Amino acid sequence: MQEPSEPPWPPFRFQDRPGRRHPRHPRRHEHRWQDQQGFQDRPEGEDRHDWRSHFTRHGHGDGNPLRRDPEDRIAGGVAAGIGTWRGFSPTTVRIGCVVAALVTTGWAVPIYFIGWLVIPAKGSDTTIAAKARHDSQGVALAVGAASLLAVFLLLAGALNDGSIQIYCWPQVVSVACLTLIWRNAPEDEKAGMRHLIEPLESLGGADNVRRGTKLRFVVAAVLLIAGIGVLLSLHGGLYLLRPLGGFLLVVAAIVVLLGPWWLRIARDLLFERQARARAEERADMAARVHDSVLQTLALIQRSADDPQTVVQLARAQERELRSWLFEGRAPGDTTVTSFAEGIREIQRDVEARHNVPVEVVTVGDCPLDEHLSALLAAAREATVNAAKWSGASVISLFAEVEPDKVEVAVRDRGSGFDLYSVPADRKGVAESIRGRMLRHGGKAIVQSTLGEGTKVTLTMARGLAPAGQPAADGRRR
Amino acid sequence: MSAADGGDKSAPRVILVDDHGLFRSGVRAELGRQVEVVGEADDVAPAIELIERELPDVVLLDVHLPGGGGHAVITEVKKAHPEVKFLALSASDAPEDVIAVIRAGARGYVTKTISTTDLADAIRRVADGDAVFSHRLAGFVLDAFATAGAAPDVRPSFDPELDQLTTREREVLRLIAQGYTYKEVARELFISVKTVESHVSSVLRKLQLSSRHQLSRWAAERRLT
């Protein structure tokens, strides 16, 4: 743990003696320099800095110093803090704490409370202990409460064999720590603690207690008295089972009395966490909607007298929102890894560049290979041709991936053209579409009727072996 | 109730169910001439009540409703009034939601971007008992059946007739998915419009009766991708 050159606990008031700094540790040096800045007006800060730098030096779980985490706490957030600090799950640490408490006959409990006292909360520099030192009344109260418990345990020890007190003695320290924490914790933490001890408080105010509570109170009292009676009558040394029975009765009393409240507290904690998760999700959604939809709506309002632009903006936004909602793609993500994505990419491009809506229907999907990329290129050419020359108000782009082949149909209800009057050297249809398909083992059929429109059907068998690769798997997904 | 009065077909009586007031008033204004809008509802419970009171020819039903989705309305109304016909429409169409509405019993599905003339036409066809497939629905259906058929290892042993489309049905659906009208499909395949309609109705029936297991598996896959 500790480097041998340094005392296990940094010396008291070392800030007053700069000569004792350790220049080998620049990080620590920096801390002390900061400490001295605060030292002028906050003299009580001196020992809290000792603790902090002590923990800081060894912290490397997440790179941050050890801090309690009041966001994720059950009692003081110590376990959550240690978890984050060392990179464990808080639950693991919590289970570890409980096991430690049992193994050490209860000594781990006061250690937890000491941790609560001396580890600052996340986002804060002050420990509760630093404040408690100046709370002389609180110290007196703590000593008083602790000694009260000690006296009670001495009395109880005189009455039976002392097997239970082993667990109770450490709690003398716990009681003292708790008193100090209670008096000196910051307001928000106090609110959380109040929530935890609410059941005990409400037992005090008996005037507005409901009937169920009263009944529980009576049952608990009976069980408690019976349990204590059994425990106290033990010094007769009768049966081995009797202490166990008494213990059970006491536990039952506590469960009956406080159980419902603890349950509610656990539920509240859960709700609180869920609400936080929902709020985050909502914020994320709002950010997305703002980035895209609201911006587009603003643009649409500004160009309200230009229907063409309005339609284009609306289409582009619809596409983006759709791909985010149903395909889980972030806006601006244009990586194409599958055939269907490639088809939608064609839609995006043609709509943006040529201002004609493209109705896309894709059936099935498969990963892209060299031949399918060629098919996509031919489909793009056919779609661009339709957008440029046909004059149609909408282009239909249909793609179907079947186990043995892939088919794409590009269709418009535009002007059409006479296939025989197209000069043989015109690149578009001849080279970019038909030639490309043929080279990759596919075929292209162009049907066109003047005045009725054009349809280009592209077909390519699946599983064609590219140069140097075995035939692809013919099955989808 | 004003059923067909005289030889001429009267305008179908229509109820609009959509949670967007703006959309309802827009459709009502545009359709006003061509159909008779007898009521509007904005959620599942009021819609069921209104439909059972008015018993319209066609219910124009949004796929997404706050109180449980369009299919909840169909399922409830169909129990007592199987004669009421539903035409589903939506703006954001996740395939599994659309298929759910069709399987509940809607006679067709169109997108909200449809033109008024086409919408009125679709309503009339549904009122006459035909099925109305938009190009998008045709794509979803092809996808659903293709995926189910392409995985022989999970092929269920239910009525195999229902689990598969015939070659002709696939051809019809493919053309519809490419934006062909029924008339154009008929001309392309050298069959009558009536035959096209019967193919589409048969697809609809298969979609509604086919093994639930298979189509829900398809929907689950869609959700994952």
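The values are calculated or read from the model by the stated rules, or taken from the named source; none is laboratory data. Treat the numbers as computed from the prediction; the structure is a model and nothing was measured. For neighbour counting, all protein chains shown are included, and Cβ atoms are generated from backbone atoms with ideal geometry for every residue, glycine included.
Of all residues in region B:127-142, which are crowded, with 24+ Cβ neighbours inside 10 Å, in contact with a Phe, Trp or Tyr (Cβ under 9 Å, 6 or more places away or on another chain) and farther than 17 Å from residue B:183 by Cβ? Of everything in region B:127-142, those that are crowded, with 24+ Cβ neighbours inside 10 Å, in contact with a Phe, Trp or Tyr (Cβ under 9 Å, 6 or more places away or on another chain) and farther than 17 Å from residue B:183 by Cβ turn out to be B:137, B:139, B:140, B:141.
Looking only at residues in region B:28-39 that are in contact with an Asp or Glu (Cβ under 8 Å, 6 or more places away or on another chain) and not small (Gly, Ala, Ser), which one is surrounded by the most Cβ atoms within 10 Å (Cβ to Cβ)? This residue is B:38.
Table: residues versus (1) modelled with pLDDT under 90; (2) in contact with a strand residue (DSSP E or B) (Cβ under 8 Å, 6 or more places away or on another chain).
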residue	(1), (2)
A:345	yes, no
A:359	yes, yes
A:388	yes, no
A:400	no, yes
A:407	no, yes
A:427	yes, no
A:431	yes, no
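When each of A:477, A:462 is tested for being exposed (fewer than 15 other Cβ atoms within 10 Å of the Cβ), at pLDDT below 90 and under 27 Å from residue B:145 (Cα atoms), the lone residue that passes is A:477. Check whether at least one residue in region A:97-118 is modelled with pLDDT of 75 or more and touching a Leu at 6+ places or on another chain (Cβ under 7 Å), and report yes or no. For region A:97-118, residues modelled with pLDDT of 75 or more and touching a Leu at 6+ places or on another chain (Cβ under 7 Å): present. When region B:64-96 is limited to residues that are within 19 Å of residue A:319 (Cα to Cα) and crowded, with 20+ Cβ neighbours inside 10 Å, the one that is modelled with the lowest pLDDT turns out to be B:93.
Cβ-Cβ distances below 9 Å connect the following pairs, each with a first residue in region B:128-147 that is at the interface with another protein chain (Cβ under 9 Å from one of its Cβ atoms), a second residue that is of a type in the set (Asp, Glu) and part of a strand (DSSP E or B), and a separation of six or more residues or different chains: B:135/A:359; B:136/A:359; B:139/A:400; B:142/A:400; B:143/A:400; B:146/A:400.
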